[in-house]
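Participant: Here you go, one structure.
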Amino acid sequence: SCFWLPKGTIIRNTLQKWIQSEYLKRGFAEVVTPNMYNTKLWETSGHWQHYAENMFSFDVEKEKYALKPMNCPGHCLLFSHRPRSWRELPVRLADFGVLHRNELSGALSGLTRVRRFQQDDAHIFCTSEQIVDEIRGCLDFMEAIYTVLGFTYELELSTRPAKYLGELEVWDDAESRLKEALDGSGATWQLNPGDGAFYGPKIDITVHDALRRLSNAPLFSLISNYLSGLN
């Protein structure tokens, strides 16, 4: 992680307050979730089998825990804390909590690749019929923010990797819905075969920095493949 000096902290907090207000405008509710979970949760979600080497884990009273590298399973627990009706959907949750990832030292870079960070992380729980409209809404959200910041970016649809979780037909359906959302957005995009996450396909966004170098930025992914295990 980095040190934020007083003036840098002012800039950081100003940006976070702005992005929080933009989430509220778009129907997201902000939540706060724990920094660590018992690894049983990560085993249920599949992260432990596919991502454990990138997680900081430790023993607590003869149980193994890990710092969260992402918010997905925690948001699923939060969503399922009570019975839900389809009439509530879509439910949009935003989280600005701290994440930790055990990145290799050679992969670390400035503010763009660190081991401890915060991001405007959100999850949308919706029906399959709502997926395309929700993804289009996310793309519009990103475009609005990046226009203000003066960023230019590139889009890729990253599809099923060699090691994946879930059923093939679920993957095919998810990929087709992301493709439909991209086509409907009017944006230019490219196919990135085999580079999806283990739990689902994703839309990867890379932005150009001041030196015109490409850096990974946000992504939009479908994670239905492990939701059944999390109720």
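Participant: So, residue 39, is that one open to solvent by less than 20 Å² (accessible area, probe 1.4 Å) and more than 30 Å from residue 143 (Cα to Cα) or not?
Facilitator: Yes.
Participant: Determine whether the stretch 76-90 contains at least one residue that is in contact with a Lys or Arg (Cβ under 8 Å, 6 or more places away or on another chain) and not aromatic (Phe, Trp, Tyr).
Facilitator: No, the stretch 76-90 contains no residue that is in contact with a Lys or Arg (Cβ under 8 Å, 6 or more places away or on another chain) and not aromatic (Phe, Trp, Tyr).
Participant: Specify which of the listed residues (74, 27) is at positive phi and either open to solvent by 60 Å² or more (accessible area, probe 1.4 Å) or not in a strand (DSSP E or B) (or both).
Facilitator: Matching residue, one of 74, 27: 27.
Participant: Does the stretch 128-143 contain at least one residue that is of a type in the set (Val, Ile, Thr) and either in a loop (DSSP other than H, G, I, E, B) or under 21 Å from residue 12 (Cβ atoms) (or both)?
Facilitator: Among the residues of the stretch 128-143, not one is of a type in the set (Val, Ile, Thr) and either in a loop (DSSP other than H, G, I, E, B) or under 21 Å from residue 12 (Cβ atoms) (or both), which makes the answer no.
Participant: Report every pair of residues separated by at least 6 positions or lying on different chains whose Cβ atoms are under 6 Å apart, first residue within the stretch 68-86 and closer than 20 Å to residue 131 by Cα, second open to solvent by less than 50 Å² (accessible area, probe 1.4 Å) and assigned to a helix (DSSP H, G or I).
Facilitator: 73/41; 73/45; 76/230
Participant: Here is a further query. Going through the stretch 90-106 one residue at a time, which ones are among the hydrophobic types (A, V, I, L, M, F, W, C) and open to solvent by less than 40 Å² (accessible area, probe 1.4 Å)?
Facilitator: 91, 93, 94, 96, 98, 99
Participant: I'm trying to understand the selection: among the residues of the stretch 144-156, which are touching a residue at least 40 places away in the same chain (Cβ under 8 Å) and either open to solvent by 60 Å² or more (accessible area, probe 1.4 Å) or outside any helix (DSSP H, G or I) (or both)? Give the steps one after another, and end with the answer.
Facilitator: Here is the first cut: in the stretch 144-156, the residues touching a residue at least 40 places away in the same chain (Cβ under 8 Å) are 144-146, 151-156.
Of everything in the stretch 144-156, those that are touching a residue at least 40 places away in the same chain (Cβ under 8 Å) and either open to solvent by 60 Å² or more (accessible area, probe 1.4 Å) or outside any helix (DSSP H, G or I) (or both) turn out to be 151, 152, 153, 154, 155, 156.
Residues checked against (1) more than 20 Å from residue 165 (Cβ to Cβ); (2) out of contact with any Asp or Glu (no Cβ under 9 Å at 6 or more places or on another chain); (3) among the charged types (D, E, K, R):
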site	(1), (2), (3)
3	yes, yes, no
15	yes, yes, no
23	yes, no, no
46	no, yes, no
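Participant: Give the residues of the stretch 176-196 that are within 19 Å of residue 140 (Cα to Cα) and of a type outside the set (Ser, Thr, Tyr), sorted by residue number.
Facilitator: Answer for the stretch 176-196, where residues must be within 19 Å of residue 140 (Cα to Cα) and of a type outside the set (Ser, Thr, Tyr): 177, 178, 179, 180, 181, 182, 183, 184, 186, 187, 189, 190.
Participant: While we're here: Among the residues of the stretch 98-108, is there at least one that is closer than 26 Å to residue 146 by Cβ, without any contact (Cβ under 8 Å) to a residue 12 or more places away in the chain and part of a loop (DSSP other than H, G, I, E, B)?
Facilitator: Taking the stretch 98-108 and keeping what is closer than 26 Å to residue 146 by Cβ, we get 98-99, 101, 103, 107-108.
After this cut, where a residue has to be without any contact (Cβ under 8 Å) to a residue 12 or more places away in the chain as well, the list is 107-108.
Cutting the leftovers down to part of a loop (DSSP other than H, G, I, E, B) gives us 108.
Yes, the conditions are met somewhere in the stretch 98-108.
The values are calculated or read from the model by the stated rules, or taken from the named source; none is laboratory data. Predicted model only: the values in this text are computed from it and were never measured. Please note: Cβ atoms are built from the backbone with ideal geometry, for glycine as well, and neighbour counts cover all protein chains shown. Only protein heavy atoms, including side chains, enter the accessible area calculation; ligands, DNA and RNA are left aside. Shrake-Rupley method; radii C 1.70, N 1.55, O 1.52, S 1.80 Å.
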